[in-house]
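To keep things clear, I will list the structure first and then write my remarks on it.
The values are calculated or read from the model by the stated rules, or taken from the named source; none is laboratory data. Only a predicted model underlies this, so the values are computations on that prediction, with no experimental measurement involved. Cβ: placed from backbone, ideal geometry, glycine included. Neighbour counts: every protein chain shown. Accessible surface areas use protein heavy atoms only, side chains included; no ligands, DNA or RNA. Shrake-Rupley method; radii C 1.70, N 1.55, O 1.52, S 1.80 Å.
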Amino acid sequence: MQIFIAREANPHEKRIAVVPATVAKLVKLGATVAVEASLGQPIYFSDDNYATAGASVVADRKTGLTAADLVLRLGKPNHDEIACLKSGCIHISYLDPFNESDLIRQLAKSGVSALCMEMIPRSTICQRMDALSSQANIAGYVAVMLGATRLNRIFPMMSTPSGTIPPAKVFIIGAGVAGLQAIATARRLGAVVEAFDTRPAVEEQVKSLGAKFVKVDLGETGQTAQGYAKELTPEQLEKQRAVMADCCAQADLVITTAQVFGRKAPRILTTAMVEKMKPGSVVVDMAIESGGNVECSRLDEEVVVHDVKVLGYGNLAGRSARTASEMYSNNLGYLVDHFWDKTGKTVKLDSTHDILKECLVTHGGVICHERLRKSLESQT
């Protein structure tokens, strides 16, 4: 099997899909691996590093794509690149499938078997392949560090000859992977942390990290089969905001993490709620790329509202590109290894496999993922 690893098309993306250590593992499986020249440049891996790991270096992207039986990348492909892929080629990357209907249809029409990294099931067997979780871990850490650098006070309590400095107060909305990592990071820095989530089941996890769990009686909430919080009703959102307003008013740093896969992020903080926060406090909107949790946040901008800094920076994981790349590369490596046919030395796909039923979106010339197909049909 010929594997090709492409450079990222987005010039602002500093993460890469595969690091040399993973290339060596793929070669050991029996794959022939080619990488696009300068693939590792953003995080200081040279072409020689990849060659030493057993890959050939291809200067022309089109040549690599045309010859590939399997393409590994981070971001979704450009439309013109799909035409380069041969029928039956396997393509694995983020795809944003519910918002990229034309892209998904083109992949199907071209006979490409596309695996969507966002849709890897959140199950025990898939933990090592779960790119959303690996990148959310990094993003949660980065969100706290960004907030800490923009805050005009320190996090930990300090007892000094000139007086005792109280710890900063951090309020985190959403206790998924990103939120839990944000809690852990803020606690390590010495802050007093409160957290809220619509799923009562995560209370124990929040408390185990040393944070206080803020309870709001929202009635029926729960989570999806994939472990995501279910979308709230307008009435539940209003009840939630009332409690959020009090917590935000007391906090020095607020981090929002709430997202619903395939949909616009819920609006949690209104501008009026931000205006009631203490002057000099900071808000980090981690959901900005899917519409934002904060009414006044703006993508890739820092907005000041009544002396409150609102940070809406996208691709937080990319701000720690080396670690994020290593983790994503491991996710891909484990995924390929899981479906590797040692006899035929190839990746073998069975669309009825429990894992592939969730993340294989196009196969055999059709959109094979039922929920995605129905969603795209409703858009036409």
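Summary of values
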{"quantity": "Selection within region 114-159 - of a type in the set (S, T, N, Q) and either farther than 19 Å from D337 by Cβ or touching a Cys at 6+ places or on another chain (Cβ under 7 Å) (or both)", "calculated": "Q135, N137, T149, N152, S159"}
{"quantity": "Selection within region 105-125 - in a helix (DSSP H, G or I), farther than 20 Å from V260 by Cα and not charged (D, E, K, R)", "calculated": "Q106, L107, A108, T124, I125"}
{"quantity": "Which listed residue is β-branched (V, I, T) and not in a loop (DSSP other than H, G, I, E, B), from T323, T343", "calculated": "T323"}
{"quantity": "Some residue of region 38-61 being open to solvent by 10 Å² or more (accessible area, probe 1.4 Å), within 23 Å of S113 (Cβ to Cβ), out of contact with any strand residue (DSSP E or B) (no Cβ under 6 Å at 6 or more places or on another chain) and among the polar types (S, T, N, Q)", "calculated": "no"}
{"quantity": "Any hit, region 313-321, residues being without any contact (Cβ under 8 Å) to a residue 60 or more places away in the chain and either in contact with an Asp or Glu (Cβ under 9 Å, 6 or more places away or on another chain) or of a type in the set (F, W, Y) (or both)", "calculated": "yes"}
{"quantity": "Scan of region 259-288 for residues that are surrounded by 15 or more Cβ atoms within 10 Å (Cβ to Cβ), in contact with a His (Cβ under 9 Å, 6 or more places away or on another chain) and either assigned to a loop (DSSP other than H, G, I, E, B) or in contact (Cβ under 8 Å) with a residue 40 or more places away in the chain (or both), ordered by number", "calculated": "M277"}
{"quantity": "Sole exception among (1) touching a residue at least 12 places away in the same chain (Cβ under 8 Å); (2) under 24 Å from T22 (Cβ atoms); (3) not charged (D, E, K, R) for G344, by number", "calculated": "(1)"}
{"quantity": "Members of region 297-330 that are of a type in the set (A, V, I, L, M, F, W, C), in contact with a Ser or Thr (Cβ under 9 Å, 6 or more places away or on another chain) and open to solvent by 10 Å² or more (accessible area, probe 1.4 Å)", "calculated": "V303, V305, M327"}
{"quantity": "Scope region 68-118; condition open to solvent by less than 10 Å² (accessible area, probe 1.4 Å), within 24 Å of the chain's Cα centre (by Cα) and within 16 Å of R371 (Cβ to Cβ); matching residues", "calculated": "L95, P97, I104, A114, L115, C116"}
{"quantity": "Long-range neighbours under 8 Å by Cβ, at least six apart or interchain, first residue more than 17 Å from A108 (Cβ to Cβ) and assigned to a loop (DSSP other than H, G, I, E, B) within region 70-90, second of a type in the set (A, V, I, L, M, F, W, C) and at pLDDT 95 or above", "calculated": "R73/I5; R73/A6; R73/A17; R73/I92; L74/I16; L74/A17"}
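Yes/no per residue for (1) open to solvent by 20 Å² or more (accessible area, probe 1.4 Å); (2) under 15 Å from G333 (Cα atoms); (3) in a loop (DSSP other than H, G, I, E, B); (4) touching a residue at least 60 places away in the same chain (Cβ under 8 Å):
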| site | (1), (2), (3), (4) |
| --- | --- |
| I3 | no, yes, no, yes |
| P11 | yes, no, yes, no |
| V18 | no, yes, yes, yes |
| G64 | no, no, no, yes |
